[in-house]
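Here the structure comes first, spelled out in structure tokens, and everything after it is commentary.
Any read-out appearing in this document is the output of simple, stated calculations on the displayed coordinates, not a laboratory observation. All of these numbers come straight from a predicted model, not from anything done at the bench. For neighbour counting, all protein chains shown are included, and Cβ atoms are generated from backbone atoms with ideal geometry for every residue, glycine included.
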Amino acid sequence: MGTEMDFEFINEYIPLYIEAAKLTIRIAFIGILFSLAAGFLISLIRFYKIPVLYRIAGGYIELSRNTPLLIQLFFLYFGLPKAGIMLSSEACAITGLIFLGSSYMAEAFRSGLEAVPDSQMESGLSLGLTKFQVVRYVLLPQAVSVSVPAFAANVIFLIKETSVFSAVALADLMYAAKDLIGLYYVTNEALFMLVIAYLVILLPISILFSLVERKLRHAGFGD
């Protein structure tokens, strides 16, 4: 009897999870959007080996990818106030996600750029295009199409990483589940709703990226 699911309780607290999901999605969207922008710039720095910036970008990527997001959040939320810099829970979550996500997106972009043959640049220049035009109209479309699987994996990874935001008192999905477990000892129901919430968020994204990748393959990109 103790393992039976209380669906009345689940129905009662669905609105709580919906609100927590809205916050999770909003923070994930902002963090991933800025991660893409920053990652693109960093990838160009790394790909073209821009002096000084190349080493700084490399150091940042190593630091970001080799430290847990939870530790980064603790530094932002508990460490920065020691230096007089106060950030809200939401600001810490967004900043941490951007700091982590940008390094992964940068490597995805860079791998895509490196997958494009050098002959593409030479062919474009021989046709009279400027170097910028070749990058804009020839290299980038191919690089992005090649990188779609990595982008998809990174987006899903970053959304799943939002589950640690509750550590800095952010009322996200994990926070809602932990709160219900602590108050009512409803572990099965709370975790069931948590799993369903992440599935509802992540499954459509996974399907969407699969469709985009398939469409690009049919269009002849990434071959």
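Things worth noting here:
- Gaussian network model of the chain, springs between alpha carbon atoms under 10 Å - residue of 44, 127, 73 with greatest fluctuation: 127
- Potential extension, residue 114-residue 74 segment - 0.36 nm per residue separation minus Cα distance: 10.9 nm
- Eligible aspartates and glutamates near residue 49 by straight Cα distance, threshold 13 Å, same-chain separation 8 or greater: 114
- Here the spin labels are modelled as points 7 Å beyond Cα on the Cα-Cβ line, and at residue 207 and residue 67 they lie 3.9 nm apart.
- Modelled this way, with points 7 Å down the Cα-to-C-beta line, the labels at residue 183 and residue 218 are 4.8 nm from one another.
- Label point distance in nm, residue 60-residue 26, each placed 7 Å from Cα along Cα→Cβ: 2.7
- Part-to-part distance (alpha-carbon centres) for region 42-87 and region 163-223, which is given in Å: 25
- Rg/Rh ratio calculated on Cα atoms of region 87-211 (Kirkwood radius): 1.19
- Normalising by residue count, region 98-166 has a Cα convex hull of 74 Å³ per residue.
- Cα-based radius of gyration of region 153-204 once divided by 2.2 N^0.38 Å, which approximates compact folds: 1.16
- The chain - Kirkwood radius from inverse mean 1/r over Cα pairs (Å): 19.7
- Dimensions of region 28-139 along the principal axes, based on C-alpha atoms and rounded to the nearest Å, stand at 57, 28, 21, largest first.
- GluC sites (Glu not before Pro) within region 1-38: DSSP coil, no more than 14 neighbouring Cβ in 10 Å: 4
- Spherically averaged projected area of region 99-138 from its Cα convex hull (nm²): 3.1
- Under a model in which nothing but the beta-carbon of Lys, Arg (+1) and Asp, Glu (-1) is charged, the chain shows a dipole of about 1040 debye around its Cα centre.
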